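Worksheet: the structure to be examined is printed underneath.
The values are calculated or read from the model by the stated rules, or taken from the named source; none is laboratory data. Source: prediction; values computed, not measured. Counting neighbours? That spans all protein chains shown, and the Cβs are built from the backbone with ideal geometry, glycine included. Ligands, DNA and RNA are stripped out before the accessible areas are found, and what is left, the full protein with its side chains, is counted by its heavy atoms. Shrake-Rupley method; radii C 1.70, N 1.55, O 1.52, S 1.80 Å.
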Amino acid sequence: MTTTLLLVRHGQTVWHAENRYAGVSDVALTDTGRAQAEALGRWVAAHPVDAIWTSPLSRAVATAEPACRALGLTPHREPALRECDFGVVEGRTLAEFAAEDPERAAAYRADPVAHPFPGAEDPAAAAVRGAGALHRIAAAHPGGRVLVVAHNTLLRLVLCRLLSIPAGEYRRVLPRLRNAAISELRMDGDGSAALLSLNVPCEPDVP
């Protein structure tokens, strides 16, 4: 039986303006991020879902809160939906890391899965845990529509795994998931997946 997963990256955070890696750091939403979360809540009110799942990180929980409120749903928190740990680059920019270690930064840009940041989580392992979480969520809601609020890098790695795209290409093929935009993924009972839409804004006038 087919389940529809509506994948959403959390709203804008205080580190977005400087393009800093948040990873597993618990970073708050900005005013813009909160506005994006409210817009998502209005979209969900007009396009109801059967369940809402989130990463345990507060930026994802806060992004899902207006949607939960709109539908009277209690969110499920899934630890495996947390963002990747970026090791020494947590809270820093890629440019700052490149100034410190240009060779490793260049290797990361060429293949971020084969050459992750020092101390970072293995991206291939993150893809496995994230894909496993989506399979479990789909199995828990056969035939349903489910909102899943998680993170930019994790979701891109998971999409590559589910759609048979080489993981090392995730930054090139999927440059970014926009904050609070919706990507629709169809999950079939046999474990196969199909991407129906990507990065669709919930409201055209919300950045």
Accessible area per residue, Å², the stretch 1-87 with all protein chains present, probe 1.4 Å: 42 Å²
Portion, in percent, of the accessible area of the stretch 146-195 that falls on carbon or sulfur, probe 1.4 Å: 43 percent
Residues of the stretch 163-207: accessible area per residue with a 1.4 Å probe, Å²: 56 Å²
Cα-based convex hull volume of the chain per residue, rounded to whole Å³: 103 Å³
Within the accessible area of the stretch 89-139 (1.4 Å probe), percent carbon and sulfur: 57 percent
Whole-number percent relative contact order across the stretch 15-93, with pairs defined as alpha carbons under 8 Å at least 6 apart: 44 percent
Stokes-Einstein diffusion coefficient of the stretch 60-101, Kirkwood radius over Cα pairs, 25 °C, 0.890 mPa s, in µm²/s: 186 µm²/s
Given charges at Cβ of Lys, Arg, Asp, Glu: the stretch 34-159 dipole, positive-most of ALA46, HIS151, TYR108: ALA46
HIS16, HIS151, HIS47, ranked by accessible area, largest first (probe 1.4 Å): HIS47, HIS16, HIS151
Computed [θ] at 222 nm, helices only, for the chain once each DSSP H run of length n ≥ 4 contributes -39500 (n - 2.57): -11500 deg cm²/dmol
Within the accessible area of the stretch 1-86 (1.4 Å probe), percent carbon and sulfur: 51 percent
Square roots of five times the Cα gyration tensor eigenvalues for the stretch 114-183, Å: 22, 14, 11
Charge dipole of the chain about the Cα centre (unit charges at C-beta), most positive-ward option of VAL173, ILE137, PHE97: ILE137
